[in-house]
Each structure stands twice: as structure tokens, then as C-alpha cells.
1. Name the GluC sites (Glu not before Pro) in the stretch 57-95 that are in a loop by DSSP and that have at most 13 other C-beta atoms within 10 Å, would you?
2. Of the listed pairs LYS126/LYS175; LYS105/LYS143; LYS143/LYS169; LYS105/LYS175; LYS54/LYS143; LYS54/LYS107, which have alpha-carbon separations greater than 32 Å here?
3. I want to check the label-to-label distance for LYS85 and LYS126. Put each point 7 Å from Cα in the C-beta direction and report it in nm to one decimal.
4. First select every other residue whose beta carbon is under 15 angstrom from the beta carbon of LEU102; then total the charges, Lys and Arg +1, Asp and Glu -1.
5. Let me know the Rg and Dmax you get for the stretch 42-181 when you use only its Cα atoms, in Å.
6. By how many nm would the segment from THR12 to PHE182 lengthen if fully extended, with 0.36 nm per residue of separation less the alpha-carbon distance?
7. All other residues with a Cβ under 12 Å from the Cβ of THR79 taken together, and with Lys, Arg as +1 and Asp, Glu as -1, what is their net charge?
8. Determine which lysines satisfy two conditions relative to LYS103: a Cα distance under 27 Å, and not lying fewer than 8 residues away in the same chain.
Amino acid sequence: MTEFLYIGIFGTLVFCMALFAFQQLSVIARKDRVVLVSSNIGHVEEPFLSAIRKYVPKTEDMNFVEIGAGYAKITAIATRSFPWKAIIAVELDFFAVFVCRLKNKFKKLPITFVKANVFDYAIPAKSIVYSYMSVPVMNRLLKSGVFDSCLVLSLTFAFDGVEPIAEYKIKGFQKRLLVYDFR
């Protein structure tokens, strides 16, 4: 009987790993979107938290929104570090949202995981928006006005023609965290 249990557990793990690998390949293979992969966020954490401490005196009056959240690692850091009015992770990829929702059933963090295209999602007013999206995506969002009344933390990518109010140095290939205040 225990052999069947071990085979079942092993089979489930192999199946999940195969699904994950297939999902990653299908995302990377798509030509209609930019995919940025960064599994380690430890080098970003301290500059990220420092920027929030400096520019947001009362986080409980603000929403935290991560756009293009992937597996919402930065969202989890923000959730554990500060009280927020609402915490939202917006991601287009169904599998990433599914995995985040499943993992959160055990972690029970107060995060709302939204499967949506960032161009179709209305970012709530009075939000801190974190993004690791490419320059064309960020510029398109800026032009559409979604960042009005928001503080935007952009990892690596700058807006064209807009000066950040601060820039934090990041170790590693990302190099910088840019802060834009549209409040």
C-alpha cells in the first residue's frame, strides 16, 4: 500500500514539474509579449522597502499593486512588511495566477490575485504600483493615465521623457529601481 502512495506522490510531482516546464516554454515562445525572467529577488528587497518607507508615510491608506506580477514575490514582501488598504497582484498568465492562488491557500496572505491584461485593468487611485515591465509597456500605461494619483516603483525600466524622483542602485543585472510620483 505504501508503494502506491509513494508512486502517487512521485507521479504528482513529475506531472507538476512537467506542467510548469511546459508553461514556461509556452510563455517564452510567444512573440506577442516581452517575458522577463528573474527568480531571485533578494537583491531588490532592501531598495524596494527603503523606497516605500521614504515616500509613503502611511501605507494603510494606500493600495499595493504589482503589475505583471508573475509569481508575486515582490507582492509577498510588501504584504509581510507593511499594512495596506488592499494588496493586488495582476498577471496575464493563467498558470502563474493559479499557482499563486493555490500557494496562498496555505500562506493565507491578504492578496487578491487578478488574471488580467494590465492594459485592461483599472489601477485603483492612491496606489503604490510596482512593475518590472519593459519601457514600451510602461510608456503605453503612462499615456493611458493609469498611473494618475500613484507612486510607481519601476525595476530597471524608465519612462521616456519623465525624470524619476529617486533612483536606487540594485546589485545584479537589473541595476536600478526608479521611483516616479504621480500623486
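Read-outs throughout are calculated quantities, based only on the coordinates presented, and are distinct from any laboratory measurement. The structure presented is a predicted model; accordingly, all values stated were derived computationally and were not measured. Using ideal geometry, Cβ is built from the backbone for each residue, glycine included, and neighbour counts are taken over all protein chains shown.
1. On the way: sites: GLU60, GLU66, GLU91; in loops: none.
Counting only loop positions with at most 13 other Cβ atoms within 10 Å, none of the GluC sites (Glu not before Pro) in the stretch 57-95 qualifies.
2. On the way: LYS126/LYS175 27 Å; LYS105/LYS143 37 Å; LYS143/LYS169 26 Å; LYS105/LYS175 34 Å; LYS54/LYS143 26 Å; LYS54/LYS107 28 Å.
Check vs 32 Å cut-off fails for LYS105/LYS143; LYS105/LYS175.
3. 0.3
4. Numbers: positive: ARG101, LYS103, LYS105, LYS107, LYS108, LYS115; negative: GLU91, ASP93.
Value of the local net charge: +4.
5. For the stretch 42-181, the Cα radius of gyration and maximum Cα-Cα distance read 14.0, 43 Å.
6. Values: separation 170, 0.36 × 170 = 61.20 nm, distance 4.69 nm.
Additional length available on full extension: 56.5 nm.
7. On the way: positive: LYS73, ARG80, LYS107, LYS108; negative: GLU66.
Summing Lys/Arg as +1 and Asp/Glu as -1 gives +3.
8. Excluding near neighbours in sequence, the set is LYS73, LYS85, LYS115.
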